[in-house]
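First up is the structure itself, then whatever we jot down about it.
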């Protein structure tokens, strides 16, 4: 059986990089998207050591032109995608801002990457995804995007954008399931990255191992759901 191919956005560091490594260990082909491939030295070494299994692709989720170019480049070497992991994300604020002093540009920045960027990637790569026998889309979300559990005003821009991304996920899920494409939101947990901070409970490697399990097991029965890092429903309410 031909190895499955997974597209990961924001693959040059943190969860994206750890997930790329973990998927390679499990026999997947990885398309690693990042904004500055020339500076992604770890990814480049990974590609050199895994000949034919890693494509490092220039991919900026905020640019129609660069996303279109990335699709064209992927088509040159891959005839399909099996999984899209929308991992690229932005937390632009300090987290303690008041609505009275929150720069509104931060909301625009968060929505551009976390919502519009996610939609842009899905729309652009959808034709390649349709070539899979088991297509699925995992949009990386966060517990901060849960409306029903919201109980403080921290991280306005990030939290609001992730709530919107969750709605985008639900909407896409109910459209694309007719084509056999499973779409779900997934939380990677609280991870020690530049975004998650040093107090987070999980290493990127721990999170990545569980996300691989989710990629392996997610099925149409989970379409449109908000999953934990293992691909299980129930922990994160909308």
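Annotations
- The residue list 116, 121 contains one member that is surrounded by fewer than 22 Cβ atoms within 10 Å (Cβ to Cβ) and either closer than 29 Å to residue 133 by Cα or touching a strand residue (DSSP E or B) at 6+ places or on another chain (Cβ under 6 Å) (or both), which is 116.
Yes/no matrix, rows are residues, columns are (1) in contact with a helix residue (DSSP H, G or I) (Cβ under 9 Å, 6 or more places away or on another chain); (2) more than 16 Å from residue 123 (Cβ to Cβ):
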residue	(1), (2)
163	yes, yes
168	yes, no
173	no, no
176	yes, no
183	yes, no
187	yes, yes
190	yes, yes
194	yes, yes
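- Scanning the stretch 54-72 for residues that are crowded, with 16+ Cβ neighbours inside 10 Å, in contact (Cβ under 8 Å) with a residue 40 or more places away in the chain, more than 19 Å from residue 15 (Cβ to Cβ) and touching a helix residue (DSSP H, G or I) at 6+ places or on another chain (Cβ under 7 Å) gives 67, 71.
- Within this structure, residue 142 fails the test of being over 20 Å from residue 22 (Cα atoms) and out of contact with any helix residue (DSSP H, G or I) (no Cβ under 7 Å at 6 or more places or on another chain).
- Considering 45, 75, 25, the condition of being loosely packed, with under 14 Cβ neighbours inside 10 Å, closer than 25 Å to residue 135 by Cα and over 20 Å from the mean Cα position of the chain (by Cα) is satisfied by 75 alone.
- Scanning the stretch 196-231 for residues that are in a loop (DSSP other than H, G, I, E, B), out of contact with any helix residue (DSSP H, G or I) (no Cβ under 8 Å at 6 or more places or on another chain) and farther than 28 Å from residue 93 by Cα gives 218, 219.
- Test: residue in the stretch 176-187 that is within 15 Å of the chain's Cα centre (by Cα), farther than 20 Å from residue 5 by Cα and surrounded by 20 or more Cβ atoms within 10 Å (Cβ to Cβ): yes
No value in this document is a laboratory result; all are computed from the given coordinates. Predicted model, so just to flag it, every value in this text is computed and none were measured. Cβ sites come from the backbone with ideal geometry, for glycine too, and all protein chains shown count toward neighbours.
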